[in-house]
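Novice: Dropping a structure here in structure tokens format, bear with me for questions.
The values are calculated or read from the model by the stated rules, or taken from the named source; none is laboratory data. Bear in mind the structure is a predicted one, so any value in this text is a computation, not a measurement. Heads up, the Cβs are rebuilt from the backbone with ideal geometry, glycines too, and the neighbour counts pull from every protein chain shown. When the accessible area is computed, the model is the full protein with side chains, heavy atoms only, and any ligands, DNA or RNA have been set aside. Shrake-Rupley method; radii C 1.70, N 1.55, O 1.52, S 1.80 Å.
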Amino acid sequence: MARVQAPRLQAPKPFLERPAPVSGLLAPDRFMKLVGLVLFVAAAVLPFITATPYIISILTSAMIYIVLAMGLNVVVGYAGLLDLGYIAFMAVGAYTSGVLTTQFGLSMLETIPFVVLACIIAGVVIGGPTLRLRSDYLAIVTLGFGEIIRITANNLKITGGPSGIHGIPTWRFFGWSFADGLDIGGVHFSSKILLYYFVLFVGIGLAVVAVSRLGKGKLGRAWKSVRDDEDVSEAMGINGYTTKLAAYIIGAVWGGFAGTLMASHLSAISPNSFEFLYSALVLMAVVLGGMGSTPGVIIGALFVSLAPEFLREFSEWRYLLFGVLLVVAMIFRPKGIWPANAVLPFLKKREIPEIPPTAAVSVVGVDADYDGDTVDPAAPSAAVDQNEEEGKR
């Protein structure tokens with residue numbers, strides 16, 4: 001005998017129809033992706049326009065700063081953790097790859113797993129006991145961690161002491177190295193240009209796409225919830241400690257990868273390359289651009305890394321002018337040059353429909369034929385007096 005299936009329960013339809021998403025080239029998301037693609041192509045075409053060693057060198061350093069700022073954006077922008085020693089993770093990645101390539105003969109590509117492992121261990125060691133702290137206390141601990149890493153590298157023999165590590169090789173893939181150059185269609189690409197493209201496609205492309213996807217995913221929403229109000233997020237079932245630890249570890253891995261790129265770019269590292277000033281500059285890039293905003297962090301990293309180079313003509317006055325520009329930017333854009341919720345005025349916005357007027361509803365206990373006539377206020381009191389007289393009898 002055939003079984004009769006009960007009708008499935010269905011959720012009620014919403015009272016208001018949700019407006020359709022904005023479409024077309026002027027939709028905010030699509031427009032920003034298009035602008036990013038255009039700028040990415042322009043950066044790829046730039047070496048064909050001008051390929052002087054100076055331009056390629058400062059642009060490569062600027063893109064490494066973008067990778068570093070993307071990692072700090074996860075920690076500060078998404079999770080709301082004030083980290084004043086983030087440059088220490090860059091030092092961990094740079095020294096790990098430098099020691100393994102110069103003393104153990106590994107290629108830069110083969111050092112990546114060790115760099116990731118070292119950064120995870122460093123993130124757990126410093127983040128495990130300290131992420132239960134908040135605000136200023138966490139900032140002080142991370143500042144101390146950054147100084148501990150620098151002083152340790154300055155006193156260890158394996159890290160070269162104050163002299164650091166020299167002769168770090170460039171990237172090599174299956175016997176072919178960037179130092180060999182590359183000829184395509186009669187165009188010769190030197191080792192510096194190949195490293196420029198490697199940082200552009202692997203570093204920038206991976207950093208921007210991965211961090212953007214993380215921010216829009218479930219983990220990214222948990223980070224933002226902890227950032228806005230940790231107590232309320234824990235009341236909603238989010239483990240604040242593990243969520244912050246995940247952000248700290250991911251940021252540490254990103255910083256270590258940027259350190260590997262910087263070591264191969266400079267071919268030499270020393271403890272002076274990882275002072276507190278550089279942690280402050282990376283943090284400045286995130287705050288100045290806009291915390292939690294991918295376009296803002298890119299703009300901030302480019303500004304912090306390239307502005308001193310553009311002001312080099314002013315000699316000793318360039319850092320004074322750089323500081324003035326920072327102050328002016330923070331006065332007129334206190335939330336960042338490009339905040340996370342910024343939308344250009346000429347882009348389309350989703351239209352919110354007007355709420356229709358609600359119909360009159362009946363009240364429980366009131367007769368539907370009630371015509372709204374006023375009731376004599378003396379009637380209830382008279383009934384109460386009569387009941388009291390009956391009770392006395």
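Novice: If Arg30 satisfies all but one of (1) open to solvent by less than 70 Å² (accessible area, probe 1.4 Å); (2) free of Cβ contacts under 8 Å to residues at least 40 places away in the same chain; (3) over 30 Å from Gly144 (Cα atoms), what's the number of the condition it fails?
Specialist: Failing condition for Arg30: (1).
Novice: In addition: Limited to the stretch 140-177, what total is found for residues that are in contact with a helix residue (DSSP H, G or I) (Cβ under 7 Å, 6 or more places away or on another chain), within 18 Å of Ala263 (Cα to Cα) and free of Cβ contacts under 8 Å to residues at least 40 places away in the same chain?
Specialist: 1
Novice: Name the helices (runs of 4 or more DSSP H) wholly within the stretch 136-248 that hold at least 2 residues that are under 21 Å from the mean Cα position of the chain (by Cα)?
Specialist: 205-216, 218-228, 230-235
Novice: Counting just the residues of the stretch 266-276 that are open to solvent by 10 Å² or more (accessible area, probe 1.4 Å) and within 15 Å of Thr101 (Cβ to Cβ), which one comes out nearest to the chain's Cα centre (by Cα)?
Specialist: The residue in question is Leu266.
Novice: Oh, and also: Among the residues of the stretch 286-306, which ones are touching a Phe, Trp or Tyr at 6+ places or on another chain (Cβ under 7 Å) and open to solvent by 40 Å² or more (accessible area, probe 1.4 Å)?
Specialist: Correct list: Pro295, Ile299.
Novice: For the subset of the stretch 101-133 comprising residues that are without any contact (Cβ under 8 Å) to a residue 40 or more places away in the chain, open to solvent by 50 Å² or more (accessible area, probe 1.4 Å) and not hydrophobic (A, V, I, L, M, F, W, C), which member is farthest from Val253 (Cα to Cα)?
Specialist: Filtering first and then ranking leaves Gly105.
Novice: Give the residue, chosen from Tyr65, Tyr78, that is in contact (Cβ under 8 Å) with a residue 60 or more places away in the chain, crowded, with 16+ Cβ neighbours inside 10 Å and out of contact with any Gly (no Cβ under 7 Å at 6 or more places or on another chain).
Specialist: Answer to the check: Tyr65.
Novice: Within 30 Å of His188 (Cβ to Cβ), touching a strand residue (DSSP E or B) at 6+ places or on another chain (Cβ under 8 Å) and either at pLDDT 90 or above or hydrophobic (A, V, I, L, M, F, W, C) (or both): which single residue out of Ala94, Ala62, Ala43, Ala51 fits that description?
Specialist: After applying the criteria, what remains is Ala94.
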